Amino acid sequence: MNKLLKVTSLLALAVGSCGVYSAAQAVEQALATKHVLEGTYNNDGEYNGSVGHVSAETYTPIDTQLTVACPGSSGTCTIQADMWIENGGESSSDNYNVICLYVDGTPSSFCGAKTGETPSDGQYVQNSTSQAVTGLAHGNHTVQTYFYSVNGANVAYYNSNYRVYKP
């Protein structure tokens, strides 16, 4: 009888674990929504200028403002941006920086998170981030990459890839 109880308990534990695993998969699948890529916009070039030297803690537009289309006559879209900024040429320590996606003149909710640090030895690095803004109405929207450096930095090359998705 004791052996039967152990086998039954082991079987119940195995069945219960499978049920928990299946429920976890269902929750994970419910959180993701399939999106269709509607368009990609690439904006890159040489900035070759200083940011944050005149007025510390100022967000500076790095690339040219673009107009992107959220197609359709109804529904919403998501704009997602991958942004890289080459910066350096400074001698101050603890010189962290932030890269932000602005949509229609408003920073994304992820703006403000430290993206990297400008080296204190005068060398250049590329810092990058990926941010998205969801629930945008159909029609045209403006996008732009902004950069902030706590103690100022020189910005050289930049690259921003903006993608528009429909759920």
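Bear in mind these aren't lab numbers, they're just calculated from the coordinates by the rules spelled out. All values derive from a computational prediction rather than experimental measurement. Here Cβ is always computed from backbone atoms with ideal geometry, including for glycine, and neighbour counts include all displayed protein chains.
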Checking rank on 93-99, 121-127, with mean other Cβ inside 10 Å and highest first, the result is 93-99, 121-127
Over all directions, the range 40-167 yields a Cα convex hull whose mean projected area in nm² is 7.0 nm²
Once both label points are put 7 Å beyond Cα along the C-beta direction, the residue 38-residue 104 separation in nm becomes 1.3 nm
For 142, 129, ascending order of other Cβ atoms within 10 Å (fewest first) is 142, 129
Expected vector for the range 142-159, Karplus 3J(HN,Hα) from phi with 6.51, -1.76, 1.60 and θ = phi - 60°, integer Hz, x for Gly and Pro, equals 9, 10, 6, 9, 10, 10, 10, 10, 4, 10, x, 7, 9, 10, 9, 8, 9, 8
Quick calc, residue 93 & residue 134: beta-carbon distance into FRET formula, R0 35 Å, rounding 0.05, result 0.40
Ranked on Cβ counts within 10 Å of their own Cβ, fewest leading, 166, 114 go 114, 166
